[in-house]
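What follows draws every value from the coordinates through simple rules; no lab data is involved. None of the values given here were measured: they were computed from a predicted structure. Cβ sites come from the backbone with ideal geometry, for glycine too, and all protein chains shown count toward neighbours.
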Amino acid sequence: MLSVAKVQRRNAWRYYVRGVAFGDGRRPVGQSLKGAQEKAGLPPGVWMGRGLAALGLTAGQTVTERQMELVFGQLRHPDADRIERDLLDDGADPETARLATVLGQPVEEIERRKVTPLFALDFTFRAQASLIVLWALGDDHTRRVIERAHERAIDTALRWLEDEVAETRWSSGRQRAKAPGLVVAKWRHFDNRDGFPLLHDHCLVLNRAQRPDGSWYALDTVRLFQNVVAAGTLYTLTMTTEVCEELGLATVPREVTPGLRPVMEIAGVDSELIDWSSTRREQMAPVLERITDKYVKKHKRLPGERGRSGLGWWAAQDTRREKKNPKPLEQLRAWWRASAILRFGQSMVDGLLERCRAAGKAIRARVGPVVDTALAAIDVAAIVFTVRNAFARRHVLAEARRHLLETLRGRAFTRGLDDYIADAALSRHSRQLTVPQKGRRAPSPDRLTYTADFAWPHRWWIAGTDGKPPRESSRYERARVASLALQNAIRDARILSSVRDEAPAATASAAARDDQNHDQAAPHAVDHPDRDAALTPAQQAAAVHVHQQAAMPEEYLEGRTTDPETWLYTPKNLARLAALTKASEARSRTIADGPQPQQPTAAAPDPASQRQHHTPQPDQGRGPAPSQ
């Protein structure tokens, strides 16, 4: 998971060297950063990124307090003191010597234009709660595997940002060029402010990049913000896959908030252990409920998905604890283990990894490493279109990575498979809306907007549980309905393929169309290692059907979110029922008072017609079945 924050104040670097670099603690006044970190047993910050070579730094080199002040507090060279001193010795005036060490436009010029300068972006990478529990309570080998996967996943995400996203801009954004690399300072944290386990890294990305001519310009931070979700899904997919392959684990979907996308957690980690480590969520729950009530009273409606995200941020700020005294990792792990044993018992803590391996073994036996790229492209395009309507490649790429995470359940996959699925979804099931205009700069490929040829599923209402009122289906739940339509198409393809095998007189063109839709022979397709690569259409359809159904969360297979019994209680139907009741009562009063001319009344809603209107058809939102 990845979150981003802006660093915009001149003295923000002090917060990082006094707090963030000190494990979210408060460093004693007068004590050096290096000495305080060594005394507290904390790892030092290190430099990362391909842009370090232009500054004379190397990856893995320790970040000093003076470098933080120069780079992230003044936007100057990390070795500005020596450079400025050498220029002064050569006879340069002080102002010229100082400007020679500035990276890009000086901060003073930006502030004179009444503009708040942006010094850096704080990218915070953290693993899922179940992985953090395994890291905190597991043995040394498990801890090292998770930490190594965490570091490699961060490297992969930052490298992808450098290769595909990072650009410099000048002339008020009218001119752009690809950035050769980023300058990043990384700080490792082990716990949250309550002292409970929370493995995460703060990556401070400098808002400067060098052009080929040697000049420094600001980054296009809008592009970075737009691709945060895609980078976060890449980090989660990379880390989860490596840990599962190394330890023999698998993932399962865990619904955190009803109606929203489930989190893929490690199978076998009990929900009680996850709640034990997620202390911040328990603190935020009552505050979030209070500010949500205020929102409803003010706006007369429930907040949308973006509104819920903003309210969650406010709840996190309101419940943020004061800084703590940091402790070494060995001491923290001993305290975490003792706390978990006191609460859950030693057998539950000691047998955690074995339970996870047993659950992973069962899932791996049920879900093989099979990815049908053609069906994956349809699934990704339908979900993204249902959720967003208009979208760009970054949205499709993020969904393709989620698809691999949910479908493979921790299995390894061929490198580049996410890009292949995204490109297939855009080329086969989408069309470009952005048209280049004469005399205007052509938009870059990842800025193009697409729309897919899928119909939106109808909205419905879901009955409330635990005393909660009914709620409207979310965009993600409607997207899953569109995905269920694909499963119906797969079932149809399986039946038709079986019939085709039994009838040898089937035409060659129909078989060719089936092979084209079931693209198992694509360059990036993954198949069972013990299965013959050449499959009959019936075997192909059966394997895909079983695999997709096994990888689907159980609540979707049971049809919980598509229960027809909840369709009667939509606001539209409730209004019609109220009008019908009112007309019926008026008619009863009329009959009781005496014979009067009969007034026309509203016809009762036909449940069959309602269900016909709301029921998603097998091919609704998905296009034709694979065999057609």
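Projecting label points 7 angstrom from Cα along Cα→Cβ for W335 and R144 puts them 2.6 nm apart. Take the Cα of A40, step 7 Å toward its Cβ, do the same at F225, and the gap between the two points is 3.0 nm. When each of the peptides 154-166, 328-340 is scored by the mean number of other C-beta atoms lying within 10 Å of its residues, the order from highest to lowest reads 154-166, 328-340. 3J(HN,Hα) along the range 470-480, derived from phi through the Karplus expression 6.51 cos²θ - 1.76 cosθ + 1.60 where θ = phi - 60°, amounts to x, 10, 6, 4, 7, 5, 5, 5, 5, 5, 5 Hz, with x in place of Gly and Pro.
Of the peptides 391-397, 261-267, the ranking by mean beta-carbon count within 10 Å, highest at the top, reads 391-397, 261-267.
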